[in-house]
Amino acid sequence: MSEFTREEHVGQRSPAKRRGCVIWGIIAIILVIIFTSHSSTVFQRIGSIFASPTATPYATYLHGADLSDANLYRADLQGANLLGANLSYANLHSADLSGANLFNADLSGADLREANLSGAILLDANLGWANLLDAKHDDTTVWPEGIDPVAAGAVLVDDMRKDEQDG
């Protein structure tokens, strides 16, 4: 057996192992900086990577997520599963939520201006104080009981196409 004590042996690492530890430490620090200072940008990119235009199994899964006060401006959440998610006071201005499952989600005070809600399921969602001005929806969008999207300022996609053809 070696004449080294356990403490001396443990302290001796090869230069390659030390470099590896340093590299992983630097990567961890970079990730912390990115997620704390650019969380909305990172989230938009993550949403773009995992959200599928056809809402296939690769759609974003955010069931029950707490995204209150999140900046999701222009986020691609197409086909996302946001069942029961907390999106209260979130900035969803110009976000693509087409085909998203927002069943029982809390969207109170959320900014949904110009968001695409075509085919979204908003059944039992809390839309109290939400801004729906110019949010796009179609005949397949499922709204919570008692919500009149037109009175709230949302625009039916079929009406927009008709206006473009007339104009």
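The values are calculated or read from the model by the stated rules, or taken from the named source; none is laboratory data. Not measured: the values here are computed from a predicted model. Methodologically, a virtual Cβ is constructed for each residue, glycine included, from the backbone with ideal geometry; neighbour enumeration extends over all protein chains shown. With ligands, DNA and RNA removed, areas are computed over all heavy atoms of the protein, side chains included. Shrake-Rupley method; radii C 1.70, N 1.55, O 1.52, S 1.80 Å.
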Those residues of the stretch 96-119 which are part of a loop (DSSP other than H, G, I, E, B), over 19 Å from Val155 (Cα atoms) and touching a strand residue (DSSP E or B) at 6+ places or on another chain (Cβ under 6 Å), in sequence order: Phe103, Ser108
The listed residue being modelled with pLDDT of 95 or more, surrounded by fewer than 22 Cβ atoms within 10 Å (Cβ to Cβ) and among the aliphatic types (A, V, I, L, M), out of Ala130, Ala115, Ala151: Ala151
Pair list, Cβ under 7 Å, 6 or more apart: the stretch 76-92 residue among the hydroxyl-bearing types (Ser, Thr, Tyr), other residue open to solvent by 10 Å² or more (accessible area, probe 1.4 Å) and assigned to a loop (DSSP other than H, G, I, E, B): Ser88/Ser68; Ser88/Ser108; Ser88/Gly109; Tyr89/Ser68; Tyr89/Asp69; Tyr89/Gly109
